[in-house]
Amino acid sequence: MKTNDTGTAVPRSKRSGLVVLNLFLLLVLGTVMLAPDVGAQIRGEIQNPRVRGEYALVGGETLGDNASTVYVLDSANRQLVALRWNDSSKSLEGVGFRDLVRDANSDPDR
């Protein structure tokens with residue numbers, strides 16, 4: 001038996017268990033580091049990277065509904081989202097989404 005820093009004996013079975021645990025953790029770390037990137041991770045160059053948003057919020061009402069609506073404008077990415085509060089589920093629900101770039105480039109005569 002070996003002794004630790006305090007002078008007490010450490011059984012051989014505990015030492016071998018710790019060695020096995022450390023080898024397992026080293027294997028897991030190596031697997032994570034060598035694993036390929038997943039699709040949600042941005043690596044290298046992509047064609048249309050989404051920039052960090054700059055948001056403005058405006059409260060309002062919708063026609064035919066008594067719930068208040070919050071309009072969220074992301075001016076950096078030029079997108080608009082409308083959300084309303086659902087009292088029964090106590091959560092925000094998406095009402096609509098608009099891509100303002102696509103709207104600006106669409107046919108105005110339609």
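Scanning the range 65-88 for residues being exposed (fewer than 12 other Cβ atoms within 10 Å of the Cβ) and among the charged types (D, E, K, R) gives a total of 2. Residue count for the range 48-73 under the criterion of being outside any loop (DSSP other than H, G, I, E, B) and either modelled with pLDDT of 90 or more or in contact with a Lys or Arg (Cβ under 9 Å, 6 or more places away or on another chain) (or both): the result is 11. Inside the range 70-83, can you point out the residues that are in contact with a Leu (Cβ under 7 Å, 6 or more places away or on another chain) and over 14 Å from residue 102 (Cα atoms)? Hits for the range 70-83 are 70, 71, 72, 73, 83.
When residue 76 is tested against (1) assigned to a loop (DSSP other than H, G, I, E, B); (2) modelled with pLDDT under 85; (3) of a type in the set (A, V, I, L, M, F, W, C), just one condition goes unmet, and that condition is (2).
Would you mind stating whether residue 107 is exposed (fewer than 10 other Cβ atoms within 10 Å of the Cβ) and modelled with pLDDT under 85? Considered against the rule, which asks whether it is exposed (fewer than 10 other Cβ atoms within 10 Å of the Cβ) and modelled with pLDDT under 85, residue 107 comes out as yes.
If the condition is being part of a strand (DSSP E or B), under 23 Å from the mean Cα position of the chain (by Cα) and without any contact (Cβ under 8 Å) to a residue 24 or more places away in the chain, then the range 85-105 contributes 85, 91, 92, 93, 94, 96, 97, 98, 99.
The values are calculated or read from the model by the stated rules, or taken from the named source; none is laboratory data. None of the values given here were measured: they were computed from a predicted structure. Cβ sites come from the backbone with ideal geometry, for glycine too, and all protein chains shown count toward neighbours.
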